[in-house]
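Please read the structure below before turning to the comments.
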Amino acid sequence: MSYEENLKQRFERIAQLNPKLNAFVELFHESALAAAQRCDQTEPQGVLHGLPISIKECYQLTGTATTINYPPLRNYRANTTSPLVQRLIDAGAVIVGKTNVPALLADAQTFGPLYPTANNPYDLSRTPGGSTGGGAAALASGLVDLELGSDIGGSIRNPAHFCGLYGLKPTENGHAHDGHIPPLPGHDVGIHLMNSTGPLARSASLLKNAYDVLYQPDWQRRFYLPIARPQVKPDNLAGYRFGYIDNFIGLGPGHDVSHVLDKTIHDLRNKGATVDKIAIDPQLARKLLTLWVELFGFVMGQTMSWPVRKLIYWQYSKLLKRSSLPATKALKSGLSLNLRRLSAALKERDEVIAEINRLYAQVDVVISPTSLGPAFPHNHKHEAILLDGEAVPYVDYCFPFVMFYNLTGQPVLNVPTGLNESGLPVGLSFAAAHHQEPTLLHLAQLLEAEGYQPIPPKLDV
């Protein structure tokens, strides 16, 4: 089948499914078909030659809507193209369209004032996650083969977990020249913390190809990305030393996640790997999450006016007050944009990262839940979520196990483990030392060979 024929079939499937999923918010029929035709007529230009992919709406691509579902940007269209997007194009990828996001990319669901609510392809009454929710829904449904996402608080990993995908949050690579919004257009800011840009895919090999394309330094553009230091590992699981975490600030996963965590530990030990439990002191854990909240306030607030910062505080402090995390003061501190406090918070962050590095020093990879449970029903009011019959605060359900690694900056891979009894995907997180993406990508291929791979949703076409 030619690349053009394959793409036409994808557009037919999008026409049938997107009204149910609301995964795409903008499609590029003409330019994508032209690119596919060029791929048919030329020798392969790169490892992604002819591959239909999507990009999260927050990435700039000249002439396309880049609103981040935020009314003040309702009419904004990008006047440049993200270097990351351009790298995908240069490697031969065909960009099919832009995918749905929540307002300001700041939720574990995907809905907002400008775009319709994105739905999970395994159960349309549930969320695909956020903020890369539309992309995860499109990818899981087979509408595309790769999605370019971003993650400051689980925005790659939660959607990958909820939609049964591989999703990689690389080592922290927040920087000024990646063509990602936020920061808001026209704001030349200097606080680039905790955010990572990364791929989601349905195969481990494609995830690796995408990472290799995306994350090479471009010194002429002053576009700096982490340079991975390969860690040689044997071609079997027996050579790995794993740690695992099953509790964080007193929060543990529900039955579905606990079951796959236990099964994964059993599988790894049967393959000859060592797997030992790691306990994070509750005081350290709370410090990690409180610092994340404060630094998130600085990152978000730096391009916002005082009234908007007050609105953000009002909205998110309500969620924090219902959670197990007493961090409303930290949020207020971050949104205040006090330079002295920012300096102190950055110092505290360095100390916390050093402590986690010491704790993880004896293992290669640490396994943990991504979220406490599978995808939850649409929940626009952010009410408590039922987990094994008990109501769990929204923040507690979605964020502690993912925010943790944005604060420490380590690379994390979500791996699909299969479906629960209700047919919903469940994933697990695998974290490594800074710049050890090659270790995680190699591990993904080993786990895929053992059956840890996506199971397509049953959608009526």
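The values are calculated or read from the model by the stated rules, or taken from the named source; none is laboratory data. Computed from a predicted model, the values in this text were never measured in an experiment. All Cβ positions, glycine included, derive from the backbone under ideal geometry; neighbour counts span all protein chains shown. Only protein heavy atoms, including side chains, enter the accessible area calculation; ligands, DNA and RNA are left aside. Shrake-Rupley method; radii C 1.70, N 1.55, O 1.52, S 1.80 Å.
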Report task. Post the alpha-carbon centroid distance, segment 263-300 to segment 49-111, in whole angstrom. Result -> 30 Å
Requested in this report: Set Lys and Arg Cβ to +1 and Asp and Glu Cβ to -1, take the dipole of segment 287-369 about its Cα centre, and tell me which of ALA344, TRP292, MET304 lies farthest positive.
Outcome: MET304
Report summary line: Mean accessible area per residue over segment 323-451 (1.4 angstrom probe, all protein chains present, square angstrom) is 37 Å²
Query - segment 124-165 and segment 374-408: distance between their alpha carbon centers, rounded to Å - result: 16 Å
Report task. For segment 60-67, just list the computed ³J(HN,Hα) in residue order, Karplus coefficients 6.51, -1.76 and 1.60, θ = phi - 60°, integers in Hz, with x standing in for Gly and Pro. Result -> 6, 9, 3, x, 10, 4, 9, 9
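Using the heavy atoms of the protein chains alone and a 1.4 angstrom probe, what is the accessible area of segment 121-205 per residue in square angstrom?
Averaged over the residues of segment 121-205, the accessible area is 19 Å².
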Query raised in the report: In segment 357-461, with Lys and Arg counted as +1 and Asp and Glu as -1 at Cβ, which of these residues, GLY373, LEU424, VAL363, has the Cα nearest the positive end of the dipole, that is, farthest along it?
Result: VAL363
**Report entry** segment 247-288, accessible area per residue, ligands and nucleic acids excluded (1.4 Å, Å²)
**Finding:** 53 Å²
Report summary line: Helix-only [θ] at 222 nm, the chain, -39500 (n - 2.57) per DSSP H run of 4+, per residue, nearest 500, equals -12000 deg cm²/dmol
Query raised in the report: Which value, in debye to the nearest 20, describes the size of the charge dipole of segment 1-110 about its Cα centre when Lys and Arg Cβ atoms bear +1, Asp and Glu Cβ atoms bear -1, and nothing else is charged?
Result: 300 debye
Query raised in the report: Restricting attention to segment 332-434, which GluC sites (Glu not before Pro) occupy a DSSP loop and are surrounded by at most 10 other Cβ atoms within 10 Å?
Result: GLU421
Query - With all protein chains modelled, accessible area of ASP276 [1.4 Å, Å²] - result: 90 Å²
Query raised in the report: Given a cut-off of under 8 Å on Cα pairs at least six residues apart, what relative contact order in percent is computed for the chain?
Result: 18 percent
Query raised in the report: Given ASN79, SER141, VAL94, which one lies farthest toward the positive end of the charge dipole of segment 10-160, if we put +1 on the Cβ of every Lys and Arg and -1 on the Cβ of every Asp and Glu?
Result: ASN79
Report summary line: On the formula 1/(1 + (r/R0)^6), with r taken between the Cβ atoms of GLU5 and LEU284 and R0 of 56 Å, the FRET efficiency rounded to 0.05 is 0.55
Query - Hits among aspartates and glutamates - C-alpha to C-alpha of LYS287 under 14 Å, sequence gap 8 or more where chains match - result: GLU348, ASP350, GLU351, GLU355
Query - Antiparallel bridges, percent of DSSP beta bridges restricted to the chain (to nearest 5) - result: 70 percent
Report summary line: Given pairs LYS332/LYS381; LYS56/LYS208; LYS56/LYS277; LYS20/LYS321; LYS208/LYS347; LYS277/LYS381 and cut-off 29 Å on Cα-Cα distance, the over-length ones are LYS56/LYS277; LYS20/LYS321; LYS208/LYS347; LYS277/LYS381
Query - Amide H contacts under 5 Å for VAL94, placed H, 5+ residues apart - result: GLY50, LEU51, ILE53
Requested in this report: For the chain, give the magnitude of the charge dipole about the Cα centre (Cβ charges: +1 Lys/Arg, -1 Asp/Glu; no others), in debye to the nearest 20.
Outcome: 1300 debye
Report summary line: Which of LYS263/LYS458; LYS98/LYS169; LYS169/LYS310 exceed 27 Å between C-alpha atoms? The answer is LYS169/LYS310
Report summary line: Taking protein heavy atoms only, a 1.4 Å probe, and rounding to whole percent, the accessible area of segment 307-461 owed to carbon and sulfur comes out at 54 percent
Report summary line: Quick calc: nm separation of the 7 Å Cα→Cβ label points for LYS332 and SER125 -> 4.0 nm
Query raised in the report: Given that just one value was derived from the coordinates, which of (1) 79, 63, 39; (2) 59, 57, 48; (3) 81, 62, 34 is Cα extents along the principal axes in Å?
Result: (2)
Report task. Quick one: grab Rg to one decimal and Dmax as a whole number for segment 89-224, Cα atoms only, in Å. Result -> 14.7, 47
Query raised in the report: For segment 261-312, with only Lys/Arg (+1) and Asp/Glu (-1) charged at the beta-carbon, what is the dipole magnitude about the Cα centre, in debye rounded to 20?
Result: 120 debye
